[in-house]
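Asks: Below you will find the structure I want to go over with you.
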Amino acid sequence: MTTRLQNFIDGKFVDARSGRFSDVIDPSTGEVYAQAPVSGQEDVDAAFAAAASAFDTWGQTTPGERANLLLKIADAIDARADEINEAECRNTGKPAARMAEDETPVAADHFRFFAGAARTLEGPSAGEFLAEHTSVIRHEPIGVIGQVTPWNYPMMMAVWKIAPALAAGNTVVLKPSDTTPVSTVKLAEIIGDILPAGVFNVVTGDRETGALVVGHPLASMVAITGSVGAGMSVAKTAADDLKRVHLELGGKAPVVVFEDIKDIKAAAEAIAGAGLYNAGQDCTAACRVLVHESIHDEFAAALTEAAAATVTGTGEDAFYGPLNNPTQLERVTGFLSRVPAHASVLTGGHKLGDQGYFFAPTVVDGLQQDDEMVQNEVFGPVITIQTFTDEADALAKANGVRYGLSGSVWTSDHGRAMRMSKRLDFGVVWVNTHIPFVSEMPHGGFKHSGYGKDLSVFGLHDYTRVKHVMHYIGE
Ligand SMILES: NCCCC=O
């Protein structure tokens, strides 16, 4: 029998008034194991009404009061990690160890970070910038935030959105992806035991539900992690009502490998890991290698060897699991079916097995800058290789895409690392590493990767509005 999920509105689990459901599929088997409400206007209205009402009180709490509750959420995530992991592994098919080691403890840490950050919001000191007048800066919550989250890291991406929004004193209506709602509903169960009713609400559903959340008149700000197309559509909708917008829209990370790297094999192994992690379904995946022409052959061989040795599946030895859904499998397969004649598939390039949506670790060499696999996000376990001649050529190719989320430089020349970091047109640049992130540092892009930062105090600031209060104080 399949589980039937419910929405979480005003502190209670409730059936959707729409009466409609969609199937939730385990991507490692292709089998339906749950059903989620496809929420309609009435459901979304109820969630926003609850969030707006809760804001009257939550928006007046002190940072310390909110911090104490966020710390309790972090503790509850640790205590109930097994439940979250089970929900997420079923949602996504990802290997249990990856979830237990890389995601759930990090999600708890994000709540702890934002609990602390809420109490230390900074701005210019109060003072007399005009004679006889004292100026004060206030960071205030914005109101009700509508949030839409993706299917690659469903729980983690929800936490990236929820934690700063709540820490700043906002209330939230969140819609998870229709293919992966289960772990977010689990999160609602955990958070719902701790926060006052209405502060955090979850409505499940499809794109239309997402559009209702984004367009809702009670949403003062909308935040999404998703595709460029989805982000543009959100920004257009939000523009009609001048809502604030926060967009994290994917990437096409360049991985610039210079001829002076100390250890080609070690770099290739690290880059394969960062490109194939989570089946490459990561907006920061190390998916687009640019290697100096003088070491191309040796590097391509080492990368191919590392990729080919990467295990996919659900077992304990698996590094990554399946693609998330049949549409994504079709998308990745489509790119591979259109590999241009001047390029060659060095390893992989095909689906694996009869069950679920597994795809082989794949390396494609010899691509050119205007090839679709270089220009567009594949979001699968696929790493492309191009060559460059010098720093200028590397930069032109690295920056020559519409995305601007993240990239990396691999070199043992410090000056070169600094020059490249400055000139790479990406919101996150790694040097001699790729993909790690921390609660304290911002994650967010430039260009078509969107605007607004997740994580860090910058993320917290994005969920506040700044008010200048000026007092006439006399002589
Ligand atoms: N590596 C974290 C990426 C978040 C979005 O995909």
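Asks: Filter the stretch 192-211 down to the residues that are outside any loop (DSSP other than H, G, I, E, B) and crowded, with 24+ Cβ neighbours inside 10 Å and list them by number.
Replies: Start the filter on the stretch 192-211 by keeping residues that are outside any loop (DSSP other than H, G, I, E, B), which leaves 192, 200-202, 207-211.
Of everything in the stretch 192-211, those that are outside any loop (DSSP other than H, G, I, E, B) and crowded, with 24+ Cβ neighbours inside 10 Å turn out to be Phe200, Asn201, Val202, Thr209, Gly210.
Asks: Same structure, new question: Could you check the stretch 346-373 and list, in sequence order, the residues that are in contact (Cβ under 8 Å) with a residue 40 or more places away in the chain, crowded, with 19+ Cβ neighbours inside 10 Å and assigned to a loop (DSSP other than H, G, I, E, B)?
Replies: Gly348, Gly356, Tyr357, Ala360, Pro361, listed by residue number.
Asks: While we're here: Quick one: in the stretch 31-59, which of the residues that are touching a residue at least 60 places away in the same chain (Cβ under 8 Å) and exposed (fewer than 15 other Cβ atoms within 10 Å of the Cβ) is farthest from Ser177 (Cα to Cα)?
Replies: Taking the stretch 31-59 and keeping what is touching a residue at least 60 places away in the same chain (Cβ under 8 Å), we get 34, 36-41, 43-45, 47-55, 57-59.
If we keep only those that are exposed (fewer than 15 other Cβ atoms within 10 Å of the Cβ) as well, we get 41, 57.
Working: Gln41: 17, Thr57: 29 Å.
Looking at the filtered set, the residue picked out is Thr57.
Asks: Hey, among the residues in the stretch 243-287 that are away from the ligand (no atom under 16 Å from the Cβ) and basic (Lys, Arg), which one's surrounded by the most Cβ atoms within 10 Å (Cβ to Cβ)?
Replies: That would be Lys243.
Asks: Further, regarding this structure: Examine the stretch 152-166 for a residue that is more than 15 Å from the ligand (Cβ to nearest atom) and in a strand (DSSP E or B), and state whether such a residue exists.
Replies: No, the stretch 152-166 contains no residue that is more than 15 Å from the ligand (Cβ to nearest atom) and in a strand (DSSP E or B).
Asks: Take the conditions surrounded by fewer than 24 Cβ atoms within 10 Å (Cβ to Cβ), touching a strand residue (DSSP E or B) at 6+ places or on another chain (Cβ under 6 Å), touching a residue at least 60 places away in the same chain (Cβ under 8 Å) and not in a helix (DSSP H, G or I) and apply them to Thr134. Does it pass?
Replies: So Thr134 passes the test.
Asks: If you scan the stretch 288-323, which residues turn out to be among the hydrophobic types (A, V, I, L, M, F, W, C) and within 16 Å of the ligand (Cβ to nearest atom)? Let's see the steps before the verdict.
Replies: So the first thing to find is which residues in the stretch 288-323 are among the hydrophobic types (A, V, I, L, M, F, W, C), and the list is 289-291, 295, 299-303, 306-309, 311, 318-319, 323.
Of everything in the stretch 288-323, those that are among the hydrophobic types (A, V, I, L, M, F, W, C) and within 16 Å of the ligand (Cβ to nearest atom) turn out to be Phe319, Leu323.
Asks: Among the residues of the stretch 244-264, which ones are in contact (Cβ under 8 Å) with a residue 40 or more places away in the chain and either over 24 Å from the mean Cα position of the chain (by Cα) or assigned to a loop (DSSP other than H, G, I, E, B) (or both)? It would help to see each step written out before you state the result.
Replies: Restricting attention to the stretch 244-264, the residues satisfying the condition of being in contact (Cβ under 8 Å) with a residue 40 or more places away in the chain are 244-258, 260-262.
Residues satisfying the conditions are Leu249, Gly250, Gly251, Lys252, Ala253, Val257, Phe258, Asp260, Ile261, Lys262.
Asks: While we're here: If we scan the stretch 447-460, do we find a residue that is β-branched (Val, Ile, Thr) and within 27 Å of Ser220 (Cβ to Cβ)? Don't jump to the end; show me each part of the working.
Replies: Initially, the stretch 447-460 is screened for residues β-branched (Val, Ile, Thr), giving 457.
Adding the requirement that they be within 27 Å of Ser220 (Cβ to Cβ) leaves 457.
Yes, because at least one residue in the stretch 447-460 is β-branched (Val, Ile, Thr) and within 27 Å of Ser220 (Cβ to Cβ).
Asks: Let me spell it out: the conditions are (1) closer than 30 Å to Tyr320 by Cβ; (2) at pLDDT 95 or above; (3) not hydrophobic (A, V, I, L, M, F, W, C), and Asp10 meets all of them except one. Which number is the exception?
Replies: Condition (1) is where Asp10 drops out.
The values are calculated or read from the model by the stated rules, or taken from the named source; none is laboratory data. Quick caveat: nothing in here was measured; it's all calculated off a predicted structure. Reconstructed Cβ throughout: ideal geometry from the backbone, glycine too, with neighbour counts over all protein chains shown.
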